[in-house]
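What follows is a short report on a single structure.
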């Protein structure tokens with residue numbers, strides 16, 4: 001059955017059709033929530049919330065985009081709200097700012113050590129996923145919003161409450177870090193020339 | 001251009017965020033800096049690779065959990081507005097007339113045990129009879145709906161110890177008073193001209209509806225402050241007139257009044 005047909009049935013109240021849509025999209029939605037929240041439990045909650053929201057808003061879904069794109073956007077918005085709430089909590093409880101690039105704050109990444117299994121993907125796709133896990137959150141979040149959610153710099157600045165220049169530089173930094181991680185990981189790019197590695201140390 | 005600045009420009013170029021002048025400047029630098037050219041290629045490749053990014057697997061039983069949640073909060077459409085209800089109410093009215101005629105016929109003839117009871121129920125308002133005539137529960141229907149129906153049914157009210165003085169529908173005549181008399185008064189009431197689309201889905205199982213036959217209003221209570229805010233937002237989005245009134249009542253307890261029934 002096509003997505004369109006599933007959506008049509010789900011709109012008419014067919015729960016089995018909606019369940020199929022959940023099954024088809026759950027990994028992408030969960031992965032996005034995990035990459036933005038950095039926490040497996042939160043990610044599962046956010047992903048569930050996204051599908052519940054999709055179910056409730058189905059009557060107003062006009063099919064102007066695919067269901068996958070739509071639910072992805074709902075997920076992004078829920079994650080942004082979650083990050084906002086988290087920022088407010090951190091503001092009220094005085095602590096080291098997690099967004100301070102110079103604080104040397106290390107990624108807690110409870111999901112890094114997890115012996116979870118990566119879904120079937122190309123070696124490059126898996127390497128990239130591993131690389132993203134190692135990025136500090138202040139770099140990973142803007143990059144994910146850019147590359148996976150397709151947001152503009154302006155939208156990202158608004159979502160993460162940063163100024164435009166910071167967004168731009170963090171995304172650039174994130175890409176550079178990712179490249180470095182992947183070079184060290186091996187076989188990601190064509191073998192780097194020696195002067196590139198030297199240059200890397202300078203940066 | 002310095003290589004440091006070049007990185008940001010390369011990144012911005014990938015996102016289509018460079019002006020023509022910046023692009024020219026960047027290209028001049030790339031033409032003379034092999035390191036940055038290599039970096040440009042790698043960053044480009046990195047971006048392309050996002051298309052094949054490996055996904056994490058959702059936790060086991062995830063979809064099941066979502067569906068359970070959906071069934072739990074299955075939208076509560078006000079009972080009186082459901083087409084099935086209206087159709088059944090009509091059917092029940094017919095049945096009531098038939099029973100009435102049958103009962104009257106029996107009275108004309110020799111007395112039979114039980115006929116008095118049949119007649120008595122036909123004397124009651126057609127609401128109570130329509131409640132009797134409702135079909136067996138759909139297993140998927142939420143507890144809230146069952147509660148509403150119980151409240152409607154005289155048998156339910158009689159056996160329900162929590163039913164207050166207003167719980168006797170026979171005394172109220174035909175009006176559909178299902179408000180729990182013991183419920184505390186809400187401190188905040190939102191009055192809307194019509195139920196905004198999507199608002200019914202926000203109501204929880206705890207919220208019950210009472211319909212006033214006099215002015216055609218539907219009153220939904222109790223509601224949380226969050227639900228009220230959300231419904232007000234929906235009403236505003238949909239151009240439905242909504243107004244708030246604060247009154248003496250239980251803190252945090254809200255109610256929704258829908259004018260057009």
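Worth pointing out:
- Each residue in A:151, B:67, A:1 was given a count of other beta-carbon atoms within 10 angstrom of its own, and listing them fewest first yields A:1, B:67, A:151.
- Model label points for residue B:37 and residue A:152, set 7 angstrom from Cα along the Cα-to-Cβ axis, are 3.4 nm apart.
- Rounded if a/c under 1.5, otherwise prolate or oblate - region B:183-261, Cα gyration tensor axes: rounded
- Anisotropy class of region A:1-95 from Cα gyration tensor, a/c 1.5 cut: prolate
- Note on A:143-149: average number of Cβ atoms from other chains within 10 Å of each residue's Cβ is 3.
- Using a Förster distance of 41 Å, the FRET efficiency for residue A:12-residue B:27 (Cβ separation, nearest 0.05): 0.15
- For the pair residue A:73 and residue B:237, label points projected 7 Å from Cα toward Cβ lie 1.2 nm apart.
- Cβ-Cβ FRET estimate between residue A:87 and residue B:214, R0 fixed at 51 Å, reported to 0.05: 0.50
- Exercise: per-residue mean of other protein chain Cβ atoms within 10 Å, B:200-210: 1
- Sorted peptide list for B:87-98, B:215-226, A:137-148, criterion being average Cβ within 10 angstrom, highest first: A:137-148, B:215-226, B:87-98
- Exercise: per-residue mean of other protein chain Cβ atoms within 10 Å, B:3-16: 4
- A crude spin-label estimate for the pair residue B:3 and residue A:4, with each label 7 Å from Cα along the Cβ direction, gives 5.2 nm.
- Ordering of A:161-169, A:27-35 by packing [mean C-beta count within 10 Å, highest first]: A:27-35, A:161-169
- Computed E for residue A:161/residue B:224 - FRET, C-beta separation, R0 25 angstrom, nearest 0.05: 0.35
- Global geometry of region B:3-50, whether rounded, prolate or oblate, following the gyration tensor of its Cα atoms and the 1.5 cut on a/c: oblate
Quick note: the coordinates plus some simple rules give every number you see, no bench work behind them. Note that the structure is a prediction, hence the values are computed from the model and not measured. Glycine also receives a Cβ, built like all others from the backbone with ideal geometry; neighbour counts cover every protein chain displayed.
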